[in-house]
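Some notes on the structure that comes next.
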Amino acid sequence: MGILATVGPDGPWAIPVSALRRAAEDRVLLALLRSRRSLARLRDDPRVALALIGEGFSLTAHGPALVVAEPLPGAEFMAAVEVRAERLESTLGARTVIHSGIAWGWRDAGSDARHRQVLAALDALD
């Protein structure tokens, strides 16, 4: 789970992103609903920040985002976005401990199945 921040004419906007995969040392693939305003924002201004928080770590990747597949093959209701980390910032303080990451899940089996479908589609891109 991560938090994607985009920039738009009305200021910054941040959303949770649950479908993401590390594709390389400096690259993350994530999926956004094609109707998301964040998708339109990053097309207008590709500068993004992607915050990742988990047990023992907290970092933010800063860099450009590019739509690499729309629709995302295998999950056509989504678009695949590549975030290139031009700068990584550790956001874990010297006296801070992260005990766990963001705990999330789905309320129904259909949503869980769609999520797995999206992750599989992202895996197939890489």
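No lab work stands behind these numbers, since they all come straight from the coordinates. None of these values were measured; they are calculated from a predicted model. For neighbour counting, all protein chains shown are included, and Cβ atoms are generated from backbone atoms with ideal geometry for every residue, glycine included.
Given that compact globular proteins tend to follow 2.2 N^0.38 Å, what is the ratio of the alpha-carbon Rg of the chain to that value?
Working it through for the chain, the quotient is 1.05.
Got the relative contact order for the chain handy, in percent, Cα pairs under 8 Å and 6 or more residues apart?
Values: 253 pairs, mean separation 31.9, N = 126.
Relative contact order for the chain comes out at 25 percent.
Just from its helices, what would the mean residue ellipticity at 222 nm be for the chain, if runs of 4 or more DSSP H residues each count -39500 (n - 2.57) and the sum is divided by every residue, rounded to the nearest 500 deg cm²/dmol?
About -6000 deg cm²/dmol.
Mind checking region 57-126 for trypsin sites (Lys or Arg not before Pro) that DSSP puts in a loop (not H, G, I, E or B) and that have at most 11 other Cβ atoms within 10 Å?
When the trypsin sites (Lys or Arg not before Pro) of region 57-126 are filtered for loop state and at most 11 Cβ neighbours within 10 Å, 95, 107 remain.
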